[in-house]
Amino acid sequence: MKKIFTHVLLLIAAAWSGFSQTQTIAYNQTVGIESWNYHLGLQSTINYLSVCQTAVEADFTSQNYGNGQWTDAPYDVYVNGGLIASHEGNHTIDLSLYMPVSSVQIVKTGPSGNWNQVSVTVRVTTTGTTPPPAPAATSVTYCAGDASAALQGLLSGDGVSLRWYLDENGSGYSTVAPSASGSATYWVAQVNVSGCESKRSQVNVNVSATPQPSVEPSYFLPEGALASSLPQLAQNQKWYASANAATPLTPSALLQTGTFYVSQTIDGCESARTAVLIYVGTPVTQVTAAQCGTTLGTLGQLVTADNVPGATAYRFRITNLANGSVRTIVSASNNFTLMNLPAISYNTAYKVAVEVQHQGQWTGVYGPACDVFTPAADTTPGPSSITSPVCGNALQHISALIST
């Protein structure tokens, strides 16, 4: 099976009559399909006609080819989505009654031959209204997300907006300028305040997009650091105080711990901004307030410190307050368990302080220490406990039973 689509957009006539201009634009679409099978529903549709309409008429035809000759075939005609007529062969219909006409369709309803074809030509006539001229520019270049200034060069006369098509005569357009990085060709028309659309011009669009900087999620700066001390992360970088700040930070701006945003500019195009957490001074952390001063439920319960974004490790210093012994545990996460100690005691207080590592470097500063307590040993008899009177007494002989 093979389909052929042809589109033709022709400026038929333009003439002045006093102060009134008359212009007729013809839109044609012919669709053919090669099929040996009975074929119904072959159709041709024209959408997005000029909205400046004084009169509209259309020519329709439907044919089969077989045994060396073309023969007429029946078809239905739809205007603006509604059935208005049924015919066979060539037929011209005045569609002015249905203005504004937005779509015209022919649908084949009869039997098929070796080759089947439907065709529709719509002529839209405008009197007294001058459509804007076609865009004169043949190419346009702009940065992704910043097309408005460059696109002004495509507007002229009384044109106020643009329509972007993928081909010269096809229907379906976008009012949004292309944003994908790279080069592509579009057919562009301009529209005036009355909704009258110009002819289309072929325009090559070049969109440049700069990638966002590749950064670590956080950085540390000394107390009193200025914006000029922010790390150099990208080409022609700019640092901002917020995601939507209108202007970058000045080099003399005094920094405080918080989230800042950095962009880079390449070939005149600025990238989107990337969020970066900047710590000013030495970052410290400690056991969470929810656990500080509490008794653990079990010896294996996790002891957790407040998270430090960007930290690469945590070092926990644990002091047994009963005997003064000190141990350290290094963890890639912000928690640990006392079960990792060489020895652990029930009903004992442990003082825990935490140091942070960032990008492989320890800060050298522990945060405020916090006491946590291990639970008391469970001496309550249970299903697996040794029962009295055996518990605590000497066995009468070596083979005496021990009950639980």
With no solvent and one equal point scatterer placed on each C-alpha of the range 77-135, evaluate the Debye formula and give log10 I(q)/I(0) for q = 0.20, 0.28, 0.31 Å⁻¹, two decimals. -0.88, -1.35, -1.51
From DSSP H assignment alone, runs of 4+ in the chain each adding -39500 (n - 2.57), the sum over residues rounded to the nearest 500 puts [θ] at 222 nm at 0 deg cm²/dmol
Expressed to one decimal in nm², the mean projection of the alpha carbon convex hull of the range 189-326 is 16.8 nm²
The range 125-248 - charge dipole about Cα centre, Lys and Arg +1 at Cβ, Asp and Glu -1, debye rounded to 20: 200 debye
Rounded, prolate or oblate (a/c below 1.5 giving rounded, otherwise prolate when a/b exceeds b/c) for the range 313-362 by Cα gyration tensor: prolate
Charge-dipole axis of the chain as Lys and Arg at +1 and Asp and Glu at -1 on Cβ define it, positive-most pick from G281, Q235, N340: N340
Given a 10 angstrom Cα cut-off, can you work out which residue in P375, P248, P231 is the most mobile in a GNM of the chain? P375
Nearest-0.05 FRET efficiency for D94 and E216 at R0 = 60 Å, using Cβ-Cβ distance, is 0.25
GNM result for the chain, Cα springs below 10 Å: residue of G195, G157, G324 fluctuating most strongly: G324
Most mobile of Q237, Q361, Q256 per a Gaussian network model of the chain (Cα springs, under 10 Å)? Q361
Using alpha carbon centers only, the range 259-278 is separated from the range 86-133 by a whole-angstrom value of 53 Å
Taking only the C-alpha atoms, wrap a convex hull around the range 148-267 and report its volume per residue in Å³ as a whole number. 150 Å³
The size of the Cβ-based charge dipole (Lys, Arg +1; Asp, Glu -1) of the chain about the Cα centre, to the nearest 20 debye, is 860 debye
Would you mind calculating the gained length between W362 and V193 on full extension (0.36 nm times residue separation, minus the Cα-Cα distance), in nm to one decimal? 54.3 nm
Cα-based Rg of the range 218-280 per 2.2 N^0.38 Å, rounded to two decimals? 1.05
How big is the chain in terms of Cα radius of gyration and Dmax, in angstroms? 40.2, 134
List the extent of the Cα atoms of the range 139-208 along each of their three principal axes, largest first, rounded to whole Å. 33, 25, 16
Modelled label-to-label distance, N67 and V330, 7 Å Cα→beta-carbon offset: nm? 9.4 nm
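The numbers here are math on the coordinates, done by the rules we state, and not lab data. A quick note: this is a predicted structure, and the numbers were derived from the prediction, not measured. Glycine gets a Cβ as well: all are built from the backbone with ideal geometry, and neighbour counts include every protein chain shown.
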